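Each remark here refers to the structure printed beneath this line.
The values are calculated or read from the model by the stated rules, or taken from the named source; none is laboratory data. Fair warning: this is a prediction, and the values are worked out from it, not measured in the lab. Cβ sites come from the backbone with ideal geometry, for glycine too, and all protein chains shown count toward neighbours.
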Amino acid sequence: MNGPARQIEIFAPFNQAMELTRSILFRPFDIGKWLVIGFAAFLSGWFNSGGGGINPWSFRDWHRFNGRPTFDYSSFNVEHPGPFLVGLIAALVIFGVALVVLWIWITCRGRFIFIDCIVRNRAAITEPWHEYRHEGNRFFLFAFILVLASAVIMVLSAALFVVPLAFWQSHHHSHAPLLFVFLPVAIFCWIAFAIVINLITYFMAPVMYARRCSPTEAARALFHLILDEPAPFVLFILFMIVLWIGWIVLGCLITCATCCLAALPYLGTVIVLPVPVLFRSFSLLFLRQFGPEWDVWSGVPTIPTATVATPGETAMPPTAEAPPIVDTPPSAEPSRSPYEPPDSPPPQPPQ
């Protein structure tokens, strides 16, 4: 007997994520907290409004385009570039690669900062930056190796397609079977591989945050979880695609309404901060349905109620006197962390 199946929902955690977003950003509204959490979202990789940079003035001369390039190649002599130009290009390439690697490292560290701001409902950068430095650095190494491996796989896949195509073309064979059989299969496999890898890396930071484990352990656990229960993750992907399509449309409108200010890095993140908070909160609340070991709020310590002040009151220092013993009814619920989001149906572990 396997017992009742675990119920994993999509809309329930999304509604809880909306309530959690309102609680973090608007209850009460604090501009300082808003700016700090916006910076954390920016460090996690959310650059701007996400609506793209559409410039309507770039189409003002479309009727004058005659289909020929307007660049004057005669004014650019590359026949004898000289060692200086070669060295300059090499230095620029190395500098660009270094900037990309640096930004990947920052975003890997920033993911833990942004998750901590949501889980603990606080505006902090320095504390989580130092607290989760080991997890962030290990996640960066894993992501960097994954990028290199993906590039190698892409090159090998392209070679597997180009080499047979050139062979068939040189021997005057029809390459229709290659285009209509191998190419669709290769594209499908690559898309499936990219979806699984992105899904694992998207949830890796929350798992490492909750368990304080290595990236390989988090990736292995997520891979087995996806294999065991693929249906909820398929629904999650489809729902996120719908959300992203709606957000792209809304982001374009916000970018135009703010005169492209929302397209600027960090400033755009601050303007649309409820969106990244909502998206990340939704993923955290979705993941916690699979059990306590997937709950990022389970590791947050519970603050004693005697030292926590309610809004508008001042916390009293602890005294040496023992608190009076109050008999609690047997039906009273156990204390919960004040950081915990709105209630959700308790996960049912499989039997």
Whichever residue in the range 181-225 is among the hydroxyl-bearing types (Ser, Thr, Tyr) and within 17 Å of the chain's Cα centre (by Cα) and, among such residues, is surrounded by the most Cβ atoms within 10 Å (Cβ to Cβ): TYR209
Of all residues making up the range 135-162, the number that are among the β-branched types (Val, Ile, Thr) and touching a Cys at 6+ places or on another chain (Cβ under 8 Å): 0
Some residue of the range 288-302 being over 26 Å from ALA221 (Cβ atoms), within 24 Å of the chain's Cα centre (by Cα), at pLDDT 85 or above and crowded, with 18+ Cβ neighbours inside 10 Å: no
Single residue of ILE241, ILE237 found to be touching a helix residue (DSSP H, G or I) at 6+ places or on another chain (Cβ under 8 Å), surrounded by fewer than 16 Cβ atoms within 10 Å (Cβ to Cβ) and under 30 Å from ALA262 (Cβ atoms): ILE237
Qualifying position, being among the aromatic types (Phe, Trp, Tyr) and either in contact (Cβ under 8 Å) with a residue 40 or more places away in the chain or outside any helix (DSSP H, G or I) (or both), among PHE286, PHE233: PHE286
Qualifying residue in the range 68-81 (condition: at pLDDT below 95, of a type in the set (A, V, I, L, M) and under 31 Å from the mean Cα position of the chain (by Cα)): no
